1. Roughly how many nanometres apart are two label points built 7 Å out from the Cα toward the Cβ at Ala120 and Leu60?
2. May I ask you to evaluate 6.51 cos²θ - 1.76 cosθ + 1.60, the Karplus curve with θ = phi - 60°, for each residue of the range 45-50 and list the ³J(HN,Hα) values in order in whole Hz, giving x for glycine and proline?
3. Considering only protein heavy atoms and a 1.4 Å probe, what is the carbon-and-sulfur percentage of the accessible area of the range 27-69?
4. For Phe127, Phe19, what's the largest-to-smallest order of accessible area, 1.4 Å probe?
5. Accessible area of Leu71, 1.4 Å probe, to the nearest 10 Å²?
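The values are calculated or read from the model by the stated rules, or taken from the named source; none is laboratory data. Because the structure is predicted, anything quoted here is derived from the model rather than measured. As a convention, Cβ positions derive from the backbone with ideal geometry for all residues, glycine included, and neighbour counts pool all protein chains shown. All accessible areas refer to the heavy atoms of the entire protein, side chains included, with ligands and DNA or RNA removed. Shrake-Rupley method; radii C 1.70, N 1.55, O 1.52, S 1.80 Å.
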Amino acid sequence: MELMEKVAYLKGLVDMAEFDPASKETKVLRALIDAVDEMAQTVNELVEANSQMCDVIESLDDDLTEVENDLYGEDDEDDYDDDEDEDDEEDVYEVTCPSCGEVFEVDEAMLDEGEINCPACGELLEFDLQIDDPPVEDGSDEPKED
């Protein structure tokens with residue numbers, strides 16, 4: 001049963017009950033039913049307005065999709081490889097605290113700072129990122145002359 005039908009049913013019940021129209025209870029009951037009737041009408045208007053707005057939003061979404069396709073070309077979600085997203089992520093390294101043995105992860109930005117406090121014990125850990133380049137081989141198999 002729709003909301004307006006329920007209000008009409010309540011009005012019919014009050015009319016059939018043959019309450020004394022002059023009594024305070026009847027006046028209160030009728031005032032309540034009138035208030036419920038107005039609320040039901042307002043709810044119906046809001047539902048209709050919401051439906052219209054949903055239609056407009058759907059239309060705008062379709063139009064925006066067309067504009068995006070015109071500007072950027074049509075994208076097929078299956079064309080994207082999940083491995084590409086992993087390449088964009090920053091490298092993460094595991095570090096073991098020499099004091100407490102706690103293993104935790106740090107990223108390159110944290111390593112660039114040069115030091116970090118252990119999240120478990122608070123010990124200050126320092127990182128030396130100077131990496132010596134391996135010796136370069138000249139590629140010749142000839143013995144060196146003295």
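1. About 5.3 nm, to one decimal.
2. 5, 5, 4, 5, 5, 4
3. Answer for the range 27-69 is 60 percent, counting heavy atoms of protein chains only.
4. Most to least solvent-accessible, the answer reads Phe19, Phe127.
5. 120
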